[in-house]
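The values are calculated or read from the model by the stated rules, or taken from the named source; none is laboratory data. None of these values were measured; they are calculated from a predicted model. Cβ placement follows ideal geometry from the backbone for every residue including glycine, while neighbour counts extend to all protein chains displayed. Just so you know, the surface numbers come from the protein's heavy atoms only, side chains and all, with ligands and any DNA or RNA stripped out. Shrake-Rupley method; radii C 1.70, N 1.55, O 1.52, S 1.80 Å.
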Amino acid sequence: MNNSTTTQSTDQYSLGKIISIWLLAAVPMGILGWVVAPALSPDFKEDPIGAAITRIGVLTIGLIWQFVLAMIIVRREEGDLRWSTIKKRLWLNKPRDPRTGQPRGVLWLWAVPFLVLIAALEMFLGPALDRIWISIFPFFAEPAGFALGSALESPEIQAQLVGAWGFLGLFFVNAVFNTILGEEFLFRGVLLPKMEGVFGKWDWVANGALHGMYHFHQPWGLLGSILSGVFLYTFPSKRFRSTWMGIIVHSGQSVLFLFLILGLVLGLA
């Protein structure tokens, strides 16, 4: 019998609790992204870098809150925050063989094809999906001043970023809480092991969909977020009973962007 399956079969969350935790993550990000960031941001046309820094900084607060929320939940459920407790509760273990439930180091290699897929999604399929999504729901189009990627293509902005180590540091902190300590700890670590009681064998689909829909602070990429959440982050985490699989794949996009920004800071663009 697969012991990794039976150990998570008790104390499952109700649908109400799942939605409540989702709201505790999604609502603050929505408020920060659509209310706080625009209120604090300088004019994008006059100071695009300042506007980008403000938005990244504000959203980082929401991601840090997700980490705090995950730790609060673990503390309430398990009684302490020792690393051994966090590691067990959040599935922060070696990937496990789906047939035997035993950890196997060779299974780490399964992260490679998923990293290739997330790179393909980001570079090729993602932009096409965004265009389709916006053509159907034009009111979800990305507002001016929100598009960091487009701003970084400007030679004037590239020149301003030379030596901007603070900007690189802020993005690094954002990335750590986005793809590791925040979203992944909460969605794949806290929620995924407790969703089988409601969604059965399709818990990974529900988890990935919830993670994608949580991104209504940037709804122009909602379709791509749902697809990546279901098939590239949650599926390998559930398949191999390891949150590290989702963390590795999710962090792939952040690593690529960090190298891009590092090149700009070093003046290599």
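Filtering the range 84-95 to residues that are open to solvent by 20 Å² or more (accessible area, probe 1.4 Å) and assigned to a loop (DSSP other than H, G, I, E, B) leaves ASN93, LYS94. A single entry from PRO98, PRO113 fulfils the requirement of being loosely packed, with under 15 Cβ neighbours inside 10 Å, in a helix (DSSP H, G or I) and not acidic (Asp, Glu): PRO113.
If you check VAL112, VAL74 for being touching a Leu at 6+ places or on another chain (Cβ under 8 Å), at pLDDT 95 or above and at negative phi, only one passes: VAL74. A residue that is modelled with pLDDT of 90 or more, in contact with a helix residue (DSSP H, G or I) (Cβ under 7 Å, 6 or more places away or on another chain) and open to solvent by 70 Å² or more (accessible area, probe 1.4 Å) occurs nowhere in the range 143-164.
Out of ALA26, ALA37, one residue alone is in a helix (DSSP H, G or I), open to solvent by less than 40 Å² (accessible area, probe 1.4 Å) and at pLDDT 95 or above. It is ALA26. Considering only residues that are out of contact with any Gly (no Cβ under 8 Å at 6 or more places or on another chain) and among the aromatic types (Phe, Trp, Tyr), look in the range 116-141 and name the one that is surrounded by the most Cβ atoms within 10 Å (Cβ to Cβ). For the range 116-141, the residue satisfying everything is PHE140.
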